[in-house]
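Below: the structure, in structure tokens.
The values are calculated or read from the model by the stated rules, or taken from the named source; none is laboratory data. Model, not experiment: these values are computed from the prediction. FYI the Cβ positions are ideal-geometry reconstructions off the backbone, even for glycines, and counts take in every protein chain you see. For the accessible areas, the whole protein counts, side chains as well, though only heavy atoms, and no ligand, DNA or RNA atoms are used. Shrake-Rupley method; radii C 1.70, N 1.55, O 1.52, S 1.80 Å.
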Amino acid sequence: MSKVTPISGFLEWLPAQRYAEQMVLDVIAEVFELHGFEPINTRAVEPVERLVGKGGDADKEIYAVSRLAADESDAKEAGLGLHFDLTVPFARYVLENSGKLTFPFRRYQIQPVWRGERPQAGRYREFVQADIDIVDAGELPFHYEVELPLVIADVFKRLPIGDFRIQVNNRKIPEGFYRGLGIDDITGTLRIVDKLDKIGPAKVKELLVAEGVSDENADKVLALAAISTSDSSFVEKVRALGVEHEILDEGLAQLKAVIDTAAEHAPGLLVAELKIARGLDYYTGTVYETQLVGDEVYGSICSGGRYDALASDGKKTYPGVGLSIGVSRLLAKLIGERGLAATRPTPTAVLVAVTDEASRDESMRVAAALRARGIPTLVSPKAAKFGKQIQFADRRGIPFVWFLGGESDGVPNADQVKDLRSGDQSDADRHTWTLPAEDAQPTLHLPG
């Protein structure tokens with residue numbers, strides 16, 4: 001048998017970690033549904049021609065898909081690639097199902113995506129994203145750009161992730177600013193500015209000048225990117241740079257509306273950060289990035305923005321706005337580094353002991369009665385000594401062990417249940433016994 005060799009860039013959790021991950025996913029889905037989003041799934045592959053040109057540098061990272069035993073019939077089909085995000089396949093989904101959807105359509109989607117990038121801390125070849133989008137037919141009101149970061153704030157407030165900050169910009173601000181400076185290559189300039197955190201301002205300026213931006217204008221581009229405020233004072237700071245353009249005016253007004261609304265509903269959580277550009281080409285309005293306070297160098301754990309032309313059938317355009325939580329990226333930090341865990345490391349709450357194999361059927365009846373009332377229960381795999389069965393439960397993190405009562409002189413004895421954490425043992429009825437509240441609803445916690 002060949003030796004198993006790990007493949008880098010693919011995240012696999014142990015059972016207790018996977019249980020914590022599932023609890024996080026349940027919270028995310030619950031909050032999304034509380035805000036009126038509906039679940040969908042999309043296929044893992046898209047035609048390569050639909051994927052390329054949508055994701056900036058992601059074009060270089062698309063995994064192509066083909067059969068090992070490909071023949072002439074495969075050559076006649078369009079080339080397929082694994083999707084690198086959930087927004088591009090969602091746009092295709094909207095076009096294919098537009099006649100069956102009710103607009104504005106609010107969708108959430110939790111699925112894996114694939115990117116062939118170099119694996120590093122928090123970055124994987126296969127990872128889970130949790131997306132929300134609101135898309136409309138023809139026109140999408142701006143107020144949705146205000147609403148979406150509040151949904152994400154609601155998600156993160158319900159998770160023990162510590163302090164976080166949602167950074168917000170509007171693509172119209174840098175676009176209008178660059179046009180006001182006479183810079184024509186808006187996309188290229190945005191991509192360079194988007195590298196600020198990675199390569200620093202000196203290198204960004206060098207790249208801008210190499211692309212034909214004057215030294216003076218490059219300084220103004222960097223000055224714009226340096227503006228960061230927790231209130232709407234960014235407007236005056238941009239105005240002080242002396243650049244004028246109608247697109248810039250529109251972007252400033254829209255970003256001010258986002259920041260002002262957030263100050264009422266989620267005070268202190270949103271920051272106007274004018275260096276945020278987002279490398280994906282399809283964003284046209286508000287853009288978002290979310291960071292863990294104290295771990296800013298780790299990068300964004302949730303990002304997205306407004307897109308006006310990603311979905312179009314040539315007759316009608318479906319503009320949208322969306323945000324994507326990098327679930328794997330977030331949990332690599334919380335579970336892998338900070339030790340995020342569930343208060344119980346397994347879904348199972350009760351182990352029903354087996355006195356001997358002749359009584360296994362009765363142990364199974366107890367388990368069935370408990371499960372019927374929603375208590376996760378496992379029957380002991382072996383009729384070993386009770387001490388060994390207790391050890392088995394303890395190793396698995398199962399808090400309660402149930403013992404059959406049996407009979408004494410022909411009189412049935414009551415069943416008993418033992419709490420392995422306190423050592424307390426008491427009589428119990430399979431039809432009425434209930435879990436303590438803290439065990440019925442396990443929670444997530446960080447050590448300390």
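Values as computed for the structure displayed
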| read-out | value |
| --- | --- |
| Theoretical FRET efficiency, 1/(1+(r/R0)^6), r = Cβ-Cβ of residue 312 and residue 35, R0 22 Å, to 0.05 | 0.25 |
| Whole-Å distance, taken between Cα centres, linking segment 337-391 and segment 7-36 | 24 |
| Point-charge dipole on Cβ atoms (K/R +1, D/E -1) for the chain, about Cα centre, debye to 20 | 1040 |
| Positive-pole candidate from 243, 23, 189, dipole of the chain, charges at beta carbon | 23 |
| Förster-model FRET efficiency, 56 Å R0, residue 214 and residue 437, C-beta, rounded to 0.05 | 0.25 |
| Gyration tensor verdict on segment 67-188 (Cα atoms; rounded if a/c is under 1.5, prolate if a/b is larger than b/c, oblate otherwise) | rounded |
| Share, in percent, of DSSP beta bridges within the chain that are antiparallel, nearest 5 | 80 |
| Kirkwood-based Rg to Rh ratio, segment 258-359, C-alpha trace | 1.24 |
| Estimated 222 nm signal from helices in the chain, with DSSP H stretches of n ≥ 4 weighted -39500 (n - 2.57), rounded to 500 | -10500 deg cm²/dmol |
| Distance (nanometres) between label positions extended 7 Å along Cα→Cβ at residue 67 and residue 414 | 6.6 |
| Quotient of C-alpha Rg and 2.2 N^0.38 Å, computed over segment 164-320 | 1.02 |
| Heavy-atom SASA rank of 23, 364 (probe 1.4 Å, accessible area, largest first) | 364, 23 |
| Label point 7 Å beyond Cα of residue 249 along Cβ direction - residues of segment 177-191 with amide nitrogen under 15 Å | 177, 180 |
| Inter-label distance for residue 421 and residue 240, nm, one decimal - labels placed 7 Å from Cα along Cα-to-Cβ | 5.4 |
| Reported label for calculated Rg and Dmax of the Cα atoms in Å given (i) 23.3, 68; (ii) 27.4, 99; (iii) 23.7, 74 | (ii) |
| log₁₀ of I(q)/I(0) at q = 0.11, 0.12, 0.16 Å⁻¹ - segment 304-448, Debye sum with one point per alpha carbon | -0.56, -0.62, -0.88 |
| Charge dipole (the chain, unit charges on Cβ, about Cα centre) - positive-most of 153, 104, 5 | 5 |
| Local net charge near residue 35, Cβ-Cβ under 14 Å (Lys/Arg +1, Asp/Glu -1) | -3 |
| Cα-Cα over 19 Å, subset of 157/237; 60/316; 172/237; 195/275; 172/316 | 157/237; 60/316; 172/316 |
| 10 Å Cβ shell holding at most 15 others, DSSP loop, GluC sites (Glu not before Pro): longest site-free stretch of the chain | 338-448 |
